[in-house]
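As structure tokens, the structure follows; a few thoughts come after it.
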Amino acid sequence: MKKIYLAAFALMGALSAAAQDTYESGRLLGSDLNGTARYVGMGGAMDALGADISTISSNPAGIGFFRHSNISLSMGVVSQQDAKKFDDLSKTNVSFDQAGFVYSARISSGSFINVAFNYHKSRNFDQILSAANSLRGASQNGLTYDKADRGIYNFDFNKQGEIIGYEGKDRSWSYSEADYMNANALMLDPDDASIYAIDADKYTFDRAHRGWIANYDFNVSGNVNDRFYWGLTVGVKDANYRGYSEYGESLVDKNGSCGSVVVGDSRKIRGTGLDLTAGIIVRPIEESPFRFGLSIKTPTWYDLTSSNSTLMENYSDYGAWDEGKSNESYDFKYYTPWEFGVSLGHTIGNQVALGAGYMFSDYSASKNRVNKGDRYWYDDYGYSPSYTDEPMERNTERSLEGVHTLKAGIEVKPVPEFGVRLGYNYVSAAYDKNGVRDMTLDSPGVSYASTTDYVNWGDTHRVTCGLGFKTGGFNVDLAYQYSTTKGDFYPFQPYAGSGSVGVSEVKNNRHQVLLTLGYTF
């Protein structure tokens, strides 16, 4: 068993700046396929077809197709039936998904100006994640030890007698809250003032995600002679993420099993964001209903607060404390990447509607921003009270990828009052297979981290279907969506000299049933 000797001195670096890491911020990227039941039933492929309020945030010009005012309300249930129940989060949860209206005003024959507002839940975080696998010659505290062994920081005591990782005279940004708990509760031998690394032979992990990202979209749109459609949407986002996880390791030494360690972590991310979306739709041939659309969305500029309450319980034969604690709260900024879209739409009489779309967003270009309070710094964004976390930005470029979204849908109306819909929606992997939550970075995003786990999620496939009924001004629409994503779970990053870190395949398979009630007047 390796050990590091300590000499006490009294220095303590203050946590004066704040930023988030690549994988924690990555929860805010992208969106679910959600909105009205008609939009979901067609796989979201309505950006060029228009006349559905859910296009307000994908191609705002779609609102320009409305010829009458409309109100709509959507709700449903989301189910994750193959998950293991954890932390009282039900496998099936009710969701309020959409509410909005469009006011349409004719300004001339064939031309309209419309205004609209829509709320929709762009992300539903409700999810249960579980993983378990073997470890050999590795452990979470082994990563803490390895960072010191490689000189990334130096262990020493602060004035309170706690083990702190220092870089020079100040606390190292590479010394995380997870390192702090490992070093003090588990790794310090009070008898000889040495730090020991303790291996594990297996781990278990469970997390219950909760919360949402709510979009509040304000739109102005119109059309010119039923040939050219335009739209602009101002989007306000309300982010509310909550997660509770439990991570356990079975520890071993040369004599065999020597106990275990369990980490319970509660995490909240809350805040608001702002973005703009602009779009056009063109019907190039007057005699044909075929049209194509183009859209562009700015980054979402988030102002966020993250907080954690973490408890490490030491049930082993080693360490100085029975438990370690971490409670931190900090503000940070996060800027998502630009998004670009192109779409096609065509109708055959009043019986068939066909839609297709493609969207691209380079997730590797998202930015974690370090807050500096009232002090202003100059970088690519000019003078700002925050600046880019450059080490974390390089890790984001390494770990995240450009994301491609493909949509296709069809609606068939055998009679004017009844429609049948089918759709498919594909989203390419946002994470590189070799991406890593790098806890060795000299970054505030690492310093505040109380956990080390991460998932490299793969492609998402969504299959949808739906029915629509209309009588007079009322419409009732029903949709079903099955979504599946697989990923690789890592309890912590592989590190130099570690043995085998068991990577677990995890899944996020969801069933959604969605009901929309609407009225046109």
Check: Once the whole set of protein chains is in place, how much accessible area is left on Trp457, using a 1.4 Å probe, in Å² to the nearest 10?
Finding: 50
Item checked: ³J(HN,Hα) computed for each position of the stretch 223-236 - Karplus, 6.51 cos²θ - 1.76 cosθ + 1.60, integer Hz, glycine/proline x -> 9, 10, 6, 6, 10, 10, 10, 9, x, 9, 10, 9, x, 10
Item checked: Ellipticity estimate at 222 nm from DSSP helix runs (n ≥ 4, -39,500 (n - 2.57)) divided over the chain, nearest 500 -> -1500 deg cm²/dmol
Next item on the list: Please give the helix 140-149 orientation as an angle from the longest Cα principal axis of the chain, in degrees from 0 to 90, rounded to the nearest 10.
Entry: 60
Check: Counting other Cβ atoms within 10 Å of each Cβ, which GluC sites (Glu not before Pro) in the stretch 261-318 have at most 16 and sit in a DSSP loop?
Finding: Glu286, Glu287
Item checked: At 1.002 mPa s and 20 °C, Stokes D of the stretch 388-498 from Kirkwood alpha-carbon radius, µm² per second -> 122
Next item on the list: Give the residue from Ala19, Tyr196, Met439 lying farthest towards the positive end of the charge dipole for the chain; charges sit on Cβ (+1 for Lys and Arg, -1 for Asp and Glu) and the dipole is referred to the Cα centre.
Entry: Ala19
Note to self: If packing is taken as the average count of other Cβ atoms within 10 Å, what order do 278-285, 445-452 fall into, highest mean first?
What the structure shows: 445-452, 278-285
Next item on the list: Leaving ligands, DNA and RNA out of it, rank Thr272, Thr440 by accessible area with a 1.4 Å probe, largest first.
Entry: Thr272, Thr440
Next item on the list: Determine the gain in length on full extension of the stretch Ile285-Ala99; use 0.36 nm per residue of separation and subtract their C-alpha separation, reporting nm with one decimal.
Entry: 63.5 nm
Check: For Lys169, which aspartates and glutamates qualify as cross-link partners when the Cα separation must be under 19 Å and same-chain residues fewer than eight apart are set aside?
Finding: Asp149, Asp156, Glu177, Asp179, Asp442
Checklist line | Cβ crowding within 10 Å averaged over residues, with 487-496, 55-64 ranked highest first | finding: 55-64, 487-496
Note to self: Applying a 10 Å radius around every beta-carbon, put 40-52, 135-147, 400-412 in order of their mean neighbour count, most first.
What the structure shows: 40-52, 135-147, 400-412
Note to self: Taking loop as defined by DSSP and a crowding limit of 10 other beta carbons within 10 Å, which trypsin sites (Lys or Arg not before Pro) in the stretch 208-260 fit?
What the structure shows: Lys254
Next item on the list: State the percentage of accessible surface on the chain attributable to carbon and sulfur atoms; use a 1.4 Å probe and exclude ligands, DNA and RNA.
Entry: 55
Margin query: Based on alpha-carbon centroids, what's the gap between the stretch 211-225 and the stretch 238-273 in Å, whole number please?
Written below: 38
Margin query: Taking the solvent-accessible surface of protein heavy atoms with a 1.4 Å probe, what is the per residue accessible area of the chain in Å²?
Written below: 41
Notebook entry, point to check: By a straight-distance test (C-alpha under 16 Å), which aspartates and glutamates pair with Lys254 as possible cross-link partners, with residues fewer than eight away in the same chain excluded?
Noted result: Asp199, Asp201, Asp317
Next item on the list: Could you list the trypsin sites (Lys or Arg not before Pro) in the stretch 28-111 that lie in coil according to DSSP, counting only those with at most 10 other Cβ atoms within 10 Å of their Cβ?
Entry: Lys84
Item checked: Listed residue pairs exceeding 29 Å between alpha carbons, taken from Lys84/Lys433; Lys147/Lys237; Lys84/Lys407 -> Lys147/Lys237; Lys84/Lys407
Check: How far, in degrees from 0 to 90, does helix 390-399 lean away from the longest principal axis of the Cα atoms of the chain, to the nearest 10?
Finding: 70
Item checked: Contact order relative to length of the chain, as percent, for alpha carbon pairs under 8 angstrom and 6 or more apart -> 20
Item checked: Cut-off 15 Å between beta-carbons: net charge of the residues surrounding Phe418, Lys and Arg +1, Asp and Glu -1 -> +1
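The values are calculated or read from the model by the stated rules, or taken from the named source; none is laboratory data. The shown structure was predicted, so the numbers you read here are calculated from the model rather than taken from an experiment. As a convention, Cβ positions derive from the backbone with ideal geometry for all residues, glycine included, and neighbour counts pool all protein chains shown. Keep in mind that these areas ignore ligands, DNA and RNA; they rest on the heavy atoms of the full protein, side chains included. Shrake-Rupley method; radii C 1.70, N 1.55, O 1.52, S 1.80 Å.
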